[in-house]
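A short write-up of the structure that comes next.
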Amino acid sequence: MESDIRAYNMTVQDMDMQNNGVPGWQTQTLEYYNTNTDSFIAGSMPADMSDARARFLAHVPDNGCILDLGCGSGRDTKIFLEKGYAVDAIDGSAELCRRASEYAGVQVRQMLFRDLDETEKYDGIWACASLLHLPKAELKETVLPKIAAALKKNGVLYASLKYGDFEGIRNGRLFSDYTEETLAEVWQDMGSMPVFETWSTYDVRPDRAAERWINLLARRV
């Protein structure tokens, strides 16, 4: 793992210089989704996230406003809309934004998580398998405070993260995996949005049934 992390750090430094300060991990991750859109959608669209959605929606008022943060294929955006919620959806990949817009029937905005700039707008923020594409430091220092600011008081965040210790480039993308301990470290300064529930699951996709995930719910106070 140490060699993987060293290679990741070198790639970031080199590509930062070559891309005028745009992080290399960001360029590589977005390019992966822009060029592997069909296979990603085919793999993620059938995934049964009904249990996680039910846990999340239990804390969102009827007809409330939801942000699908990193909406991917638009699978959950469409389901939330069909249930009567007002939904904003964003993704960093231009191609996924196009495809999700077509599928869900709403305009998906191309935007990076760090550029989120809303204040007390959302009753719920749904971040399914998306925040794992950020370095832990950026999630802690930049993105979590912006998520908290975008939630109304008592608004709820759902997030799912791969379980493990790895942080680096894997399968063409940046992944930051988490254990209970590293999740607590990243969240330690988030007194405005404490985690109130966590649970562990295994991947719902049949070909990845051995992969473990950490799921969480956090509430804006």
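Here, each number is a calculation from the coordinates, and none is a lab measurement. These numbers come from a predicted model, not from an experiment. Methodologically, a virtual Cβ is constructed for each residue, glycine included, from the backbone with ideal geometry; neighbour enumeration extends over all protein chains shown.
Values computed for the structure shown
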read-out	value
Choice from 91, 177, 38 with maximal GNM fluctuation in the chain (Cα, 10 Å cutoff)	38
The chain pair-distance distribution - Cα-Cα, 5 Å bins, rounded %	1, 7, 14, 20, 21, 19, 12, 5, 1, 0
Förster-model FRET efficiency, 22 Å R0, residue 149 and residue 50, C-beta, rounded to 0.05	0.15
Highest-MSF residue in the chain out of 200, 93, 50 [GNM, Cα springs under 10 Å]	50
Mean ellipticity per residue at 222 nm, deg cm²/dmol - from DSSP H runs of n ≥ 4 across the chain, formula -39500 (n - 2.57)	-10500 deg cm²/dmol
Highest-MSF residue in the chain out of 176, 160, 39 [GNM, Cα springs under 10 Å]	39
Residue 192-residue 39 FRET efficiency (beta carbon distance; Förster radius 41 Å; 0.05 resolution)	0.60
